[in-house]
There are 4 protein chains.
Amino acid sequence: MVTKGRLEAFSDGVFAIVITLLAFDLRPPDHEVGVSLASALWDLWPAYLAYVVAFLQIGVMWLNHHRLFQQVRAVDGVLLVLNLNLLLWVVVIPFPTAVVADYLRDGGNDAATAMVLFSGVLVLNAISFVALFAWITHDEDIIGALPPRAVVRAARVRFGIGLGAYFGALVLSFFVPVAALAVHAAMALYYAFDQATVSNEVTT
Amino acid sequence: MVTKGRLEAFSDGVFAIVITLLAFDLRPPDHEVGVSLASALWDLWPAYLAYVVAFLQIGVMWLNHHRLFQQVRAVDGVLLVLNLNLLLWVVVIPFPTAVVADYLRDGGNDAATAMVLFSGVLVLNAISFVALFAWITHDEDIIGALPPRAVVRAARVRFGIGLGAYFGALVLSFFVPVAALAVHAAMALYYAFDQATVSNEVTT
Amino acid sequence: MVTKGRLEAFSDGVFAIVITLLAFDLRPPDHEVGVSLASALWDLWPAYLAYVVAFLQIGVMWLNHHRLFQQVRAVDGVLLVLNLNLLLWVVVIPFPTAVVADYLRDGGNDAATAMVLFSGVLVLNAISFVALFAWITHDEDIIGALPPRAVVRAARVRFGIGLGAYFGALVLSFFVPVAALAVHAAMALYYAFDQATVSNEVTT
Amino acid sequence: MVTKGRLEAFSDGVFAIVITLLAFDLRPPDHEVGVSLASALWDLWPAYLAYVVAFLQIGVMWLNHHRLFQQVRAVDGVLLVLNLNLLLWVVVIPFPTAVVADYLRDGGNDAATAMVLFSGVLVLNAISFVALFAWITHDEDIIGALPPRAVVRAARVRFGIGLGAYFGALVLSFFVPVAALAVHAAMALYYAFDQATVSNEVTT
């Protein structure tokens with residue numbers, strides 16, 4: 001079987017690459033006659049915004065992935081496949097990010113389409129993560145000692161609320177695309193600061 | 001000599017990067033007048049399909065690569081070269097994937113050419129993997145204790161059938177390209193679920 | 001919590017990928033009629049210069065990142081977020097590098113804009129690094145034994161001077177873009193050779 | 001100081017990414033009216049050839065890098081800078097590879113220019129590697145116990161011959177570009193098979 005260590009290293013590699021490729025989609029604007037580079041750079045704001053939001057989403061997912069795996073003590077076949085399924089959706093994120101960067105400013109139907117794609121991919125990421133979480137916490141063989149029921153239930157409630165918020169952003173994408181992007185940004189910032197308030201722990 | 005640990009880490013890095021670059025080939029469609037973004041995105045279906053199939057193929061190859069190396073206890077020069085040869089073909093996979101994404105919808109000869117290229121590269125990957133497997137299992141110096149003959153023979157039969165299926169898909173590519181892609185998808189899903197049914201084992 | 005080891009591995013991965021993607025922005029010049037490839041390659045000098053400067057900046061940042069983390073013994077939430085913030089800005093570096101490569105030769109306002117962007121991103125990197133450094137050295141829980149006050153003060157003076165130099169280059173970018181790039185190159189070389197004069201130490 | 005382990009991991013990451021990005025330069029040919037995909041794919045032969053040669057060169061450099069570092073027991077500042085210098089040139093390799101892929105078929109001066117660039121970058125890689133090797137083997141503090149003089153002298157002769165061959169290919173590039181590429185291919189294959197004949201050794 002694949003050991004936990006190599007599975008973590010492989011997943012870390014994928015997270016690190018996706019987070020870096022995201023920014024690689026920021027390309028210099030074309031030389032256009034009569035338009036200054038400065039104004040061409042300002043016009044890329046949807047690209048910057050989409051980049052930051054996607055970066056935070058992937059960063060937070062990486063943190064949660066790590067926390068989850070710290071409790072895993074055995075890797076089984078289902079876990080492997082569920083983890084590959086998560087990575088499949090993580091790795092896709094630069095695609096809707098680039099679509100949003102290209103189409104959000106145009107407004108109208110295309111902006112809505114772009115945001116629906118973006119929100120949809122994030123929903124699929126969230127579902128894949130919840131599936132992984134549910135599998136890992138369902139079985140003492142995988143997680144060593146099951147955490148207290150209350151803890152698991154609390155985590156499930158948390159994930160449920162998160163999923164709900166992603167679905168809400170998906171619905172909002174159809175109508176007010178920019179607002180949906182703002183919701184994603186707010187959620188990413190919330191999660192990031194939430195991480196920062198976790199009490200200090202000594203680790204090695 | 002190169003140690004097994006660094007060889008595995010290097011190979012893992014390559015697998016993680018290829019699997020991520022694959023998805024990076026999904027590019028926003030061009031702004032075309034009179035075509036909605038939504039329909040332009042639908043038209044990319046061969047790209048999505050090719051991405052998922054190639055992702056699963058590489059994912060499964062990574063799993064098998066890891067399992068194989070867990071039994072290796074000594075790395076010799078031939079093994080190094082055979083492993084580099086495998087990586088050379090793994091790393092090429094995004095190229096035929098992008099060709100299929102660009103040409104499958106056109107139909108006709110070009111679609112067939114694209115699928116022949118795709119299937120051909122997968123056949124070369126399969127051959128390279130079998131060569132690595134054959135070298136590792138032929139010698140007690142490399143693999144520690146040779147597994148029982150029956151086990152090796154069973155594994156060889158398995159690989160033989162797999163190779164046969166890849167060749168079948170290659171032949172099919174000349175005539176019904178979409179069907180050949182479907183065969184690759186089915187094989188990848190079969191292997192992925194096959195992995196999931198491996199009995200749980202506790203590892204660290 | 002995320003362990004120090006996995007945080008370092010993740011950061012290393014990001015540094016390694018950014019440093020490699022940088023050079024991937026060096027693209028063959030277009031086939032233009034009546035212009036030899038040799039002269040088209042010479043015309044890319046701003047791209048080569050920007051690449052080398054950005055490579056050295058990231059390389060030096062990686063070295064300092066590693067030195068800093070060697071003293072860390074506990075990872076808390078704030079540290080995680082500050083590190084993600086640093087990576088967010090590191091990963092952006094290929095973007096202004098590509099803008100400089102495209103616009104520096106044009107001269108005029110666009111060249112100035114390009115260098116302001118480049119210098120601005122490096123300033124944000126420097127600020128993010130100082131924030132990380134300040135957090136790590138403010139607390140005995142994180143850094144084990146706090147280094148002697150004189151050492152910390154000396155390091156802060158050093159970083160302050162560095163930040164000042166980056167701001168100076170930022171201001172210079174508005175007026176003499178090429179000179180600003182030269183300042184960045186000089187700073188990167190200074191830091192690189194500074195590293196080389198650190199007295200030998202035996203490590204494992 | 002940076003530990004040997006993290007230096008190796010960082011270098012491995014860079015090697016793995018470069019080797020993968022190389023192949024990512026293989027792009028589907030444009031849809032051209034009246035030209036079949038099959039013949040457009042054949043016309044990419046310089047790209048395939050350049051890819052394989054560059055892949056083998058980097059692969060062999062990775063193997064030698066690893067062997068060299070296995071003997072290192074202390075990392076000093078000069079070694080760090082020499083290693084960064086090597087990586088700077090390794091990471092550039094996809095650029096001349098892409099130039100050769102684009103211009104070799106054109107023949108004439110541009111093909112010669114492309115091959116001179118390719119050979120020149122490989123010469124700079126070889127010089128950087130020799131500098132690293134010379135530094136590592138000059139000092140007992142770095143390498144633990146210096147190998148017997150005869151061994152070091154033999155290695156230096158080997159490297160000298162290698163450097164000479166690279167310079168020869170560089171000169172040949174001015175006159176018969178395709179022949180120069182063939183020389184690089186031959187050298188890469190020679191080194192790869194040379195690795196394969198190293199006697200088996202048990203490692204972990």
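The values are calculated or read from the model by the stated rules, or taken from the named source; none is laboratory data. Nothing here was measured: the structure is a model prediction, and the numbers come from that model. Glycine also receives a Cβ, built like all others from the backbone with ideal geometry; neighbour counts cover every protein chain displayed. Ligands, DNA and RNA are excluded from the accessible area calculation, which covers all protein heavy atoms including side chains. Shrake-Rupley method; radii C 1.70, N 1.55, O 1.52, S 1.80 Å.
Points worth noting:
- Residue-averaged beta-carbon neighbours from other chains (10 angstrom radius) around C:36-44: 4
- The stretch D:73-122 versus the stretch A:94-125: alpha-carbon centroid distance in Å: 38 Å
- Two-site label geometry, A:Val176 and C:Thr3: point separation in nm, points 7 Å out along Cα→Cβ: 4.6 nm
- In the assembly of identical copies, D:Ser39 has its label point, taken 7 Å from Cα in the direction of the beta carbon, separated from the corresponding points by 3.3, 3.3, 4.7 nm (ascending, one decimal).
- Classified by the C-alpha gyration tensor, chain A has a prolate form. Its axis ratio a/c, with a ≥ b ≥ c, is 1.5 or above, and a/b is larger than b/c.
- Options D:Leu88, D:Gly5, D:Gly34, ranked by Cα towards positive dipole end of the stretch D:2-96, top entry (Cβ charges): D:Gly5
- Nearest-0.05 FRET efficiency for D:Val152 and D:Gln70, computed from C-beta distance (R0 22 Å): 0.90
- For B:Asp139, the point set 7 Å out from Cα toward Cβ sits 3.8, 3.8, 5.3 nm from its twins in the other copies, listed from shortest up.
- Of the residues in the stretch B:63-112, those shielded by at least 50 Å² of accessible area once partner protein chains are present, compared with the chain alone at a 1.4 Å probe, are B:Leu63, B:His66, B:Arg73, B:Val81, B:Leu84, B:Leu88, B:Val91, B:Phe95, B:Tyr103.
- Nearest-first distances (nm) between copies at A:Gln70, label 7 Å from Cα via Cβ: 2.5, 2.5, 3.6
- Protection proxy ranking, highest mean first, for peptides A:50-59, A:33-42: A:50-59, A:33-42, where packing is the per-residue count of other beta-carbon atoms within 10 Å, averaged.
- Mean per-residue shielding of peptide B:53-61 is 2, counting Cβ atoms of other chains within 10 Å of each Cβ.
- Ordering B:Val121, B:Ile142, B:Leu104 by the projection of their Cα atoms onto the charge dipole of the stretch B:24-145, which places +1 on the Cβ of Lys and Arg and -1 on the Cβ of Asp and Glu, puts B:Ile142 at the extreme positive end.
- The charge dipole of the stretch C:1-121, taken about the Cα centre with unit charges on the Cβ atoms of Lys, Arg (+1) and Asp, Glu (-1), comes to about 640 debye, rounded to the nearest 20.
- The dipole here belongs to chain B: it is taken about the Cα centre, uses +1 on the Cβ of Lys and Arg and -1 on the Cβ of Asp and Glu, and is about 620 debye.
- Normalised per residue, the volume of the convex hull around the Cα set of the stretch B:32-151 (Å³): 120 Å³
- The accessible surface of chain A, taken with every protein chain in place and a 1.4 Å probe, is 67 percent carbon and sulfur.
- At a probe radius of 1.4 angstrom, the accessible area of the stretch D:11-95 per residue rounds to 30 square angstrom.
- In loop segments of the stretch A:1-110 as defined by DSSP, there are no trypsin sites (Lys or Arg not before Pro) with at most 13 further C-beta atoms inside 10 Å of their C-beta.
- In a reduced charge model with +1 at each Lys and Arg Cβ and -1 at each Asp and Glu Cβ, the protein assembly as shown shows a dipole moment near 2100 debye about its Cα centre.
- For the segment A:148-161, counting C-beta atoms of other chains within 10 Å of every residue's C-beta and taking the mean gives 0.
- Distance in nm between pseudo-label sites at A:Val33 and D:Leu163 (7 Å out along the Cβ direction from Cα): 5.3 nm
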